[in-house]
Amino acid sequence: MKSLILAFQFLTVFPIKKDMEPVPEELSGSMAWFPLVGAAQGLILVASDYLLSRLLPPGIVAGALVLILVLTNGGLHLDGFSDTVDGLAGGRTKEDRLRIMRDSSAGAIGVAFLIILILLKYLAIENIEQGARGPALFVFPAVGRWAMVPMAYMSKYARAEGGLGAAFTGISRPTLIKATVIVAALSALALGAFSLILIAVLWAVIYGFSRLFKRKLGGVTGDVFGFQSEIAEVLFLIMVLGLTNILGTAE
């Protein structure tokens, strides 16, 4: 129960027992429950979509859903996405990239990519057919939270001085397996067995990014975890949209 509470505490703005002082092993173990935290955020999106769709046009609803998801975690992952893009684009060495990523100010290219990311997420949500929309809204935040888990398993922490993200790297295999089983079960139950193919594709993407960040940064940071979460979310939505369009055309 403590590890589940830690996962909610770290990933969301919900006021859940703030007086906990976990050790690094407890933080890394909490990653097993990251997909469940995402599923809880997904349920909020499904409920919001049900209510708002009766009052507002689809485009406004899709924008509101993107905003609601951001509000549930305080924009934590979007900030990491922007900082990571800035670091990769602006640094010539590992040290330069890590220094840029630590800078609290946002660079132009990070902001530009952030706008593109949000736009893609908005358009994907708006255009997913009604029958798949609810299940996709439920699953994609879970997939985004899960994506950080295999990256943590595959990677080491990039900064020599450590940091909060260091507690989440080098997780155990049981933690990885538990998180992956949870997200696979949620995805298969909500969207069907075909969605497991999408999880497998994302695993390959995560592996590729893990190799990239090892080369560019020497490992990962908390910002990189946020970057990976956002990439997984938008890719999953786009793949669901593409597959539902293909299946709809075939019919």
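Among residues belonging to the range 196-223 that are at pLDDT 95 or above and within 12 Å of the chain's Cα centre (by Cα), point out the one that is nearest to residue 84 (Cα to Cα).
Among residues in the range 196-223 that are at pLDDT 95 or above and within 12 Å of the chain's Cα centre (by Cα), the one nearest to residue 84 (Cα to Cα) is 206.
Could you tell me whether residue 166 is surrounded by fewer than 23 Cβ atoms within 10 Å (Cβ to Cβ), part of a helix (DSSP H, G or I) and either in contact with a strand residue (DSSP E or B) (Cβ under 6 Å, 6 or more places away or on another chain) or polar (S, T, N, Q) (or both)?
yes
I'd like to check something: does the range 35-54 contain any residue that is within 13 Å of residue 141 (Cα to Cα), in contact with a Ser or Thr (Cβ under 6 Å, 6 or more places away or on another chain) and not in a helix (DSSP H, G or I)?
Within the range 35-54 (the criterion being within 13 Å of residue 141 (Cα to Cα), in contact with a Ser or Thr (Cβ under 6 Å, 6 or more places away or on another chain) and not in a helix (DSSP H, G or I)), the answer is no, since none of the residues qualifies.
What are the pairs with Cβ atoms under 7 angstrom where one residue, in the range 90-114, is within 14 Å of residue 227 (Cβ to Cβ) and the other, located anywhere, is among the aliphatic types (A, V, I, L, M) and not in a helix (DSSP H, G or I)? Sequence gap at least six, or different chains.
Listed pairs, sorted by first residue: 98/158.
Listed here are the residues, each with its yes/no results for (1) in contact with a Ser or Thr (Cβ under 7 Å, 6 or more places away or on another chain); (2) acidic (Asp, Glu); (3) within 16 Å of residue 140 (Cα to Cα).
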| position | (1), (2), (3) |
| --- | --- |
| 195 | yes, no, yes |
| 221 | no, no, no |
| 229 | no, no, yes |
| 233 | no, yes, yes |
| 244 | no, no, yes |
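Pairs, please: C-beta under 7 Å, at least 6 apart or cross-chain, first residue under 11 Å from residue 6 (Cα atoms) and in the range 23-49, second not in a helix (DSSP H, G or I)?
From residues that are under 11 Å from residue 6 (Cα atoms), the pairs are 28/171; 31/171; 37/12.
Among the residues of the range 206-227, write down those that are surrounded by fewer than 15 Cβ atoms within 10 Å (Cβ to Cβ) and of a type in the set (A, V, I, L, M).
Within the range 206-227, just 212 meets the criteria.
Given (1) modelled with pLDDT of 95 or more; (2) at positive phi; (3) of a type outside the set (Lys, Arg), identify the lone condition not met by residue 170.
If we test residue 170 against (1) modelled with pLDDT of 95 or more; (2) at positive phi; (3) of a type outside the set (Lys, Arg), just (1) comes out false.
Here is a yes/no grid of residues against (1) farther than 25 Å from residue 212 by Cβ; (2) within 16 Å of the chain's Cα centre (by Cα); (3) among the polar types (S, T, N, Q):
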position: 1; (1), (2), (3): yes, no, no
position: 8; (1), (2), (3): yes, yes, no
position: 12; (1), (2), (3): yes, yes, yes
position: 37; (1), (2), (3): yes, yes, no
position: 45; (1), (2), (3): yes, yes, no
position: 55; (1), (2), (3): yes, no, no
position: 58; (1), (2), (3): yes, no, no
position: 75; (1), (2), (3): no, yes, no
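The values are calculated or read from the model by the stated rules, or taken from the named source; none is laboratory data. These numbers were taken from a predicted model, which means no experiment stands behind them. FYI the Cβ positions are ideal-geometry reconstructions off the backbone, even for glycines, and counts take in every protein chain you see.
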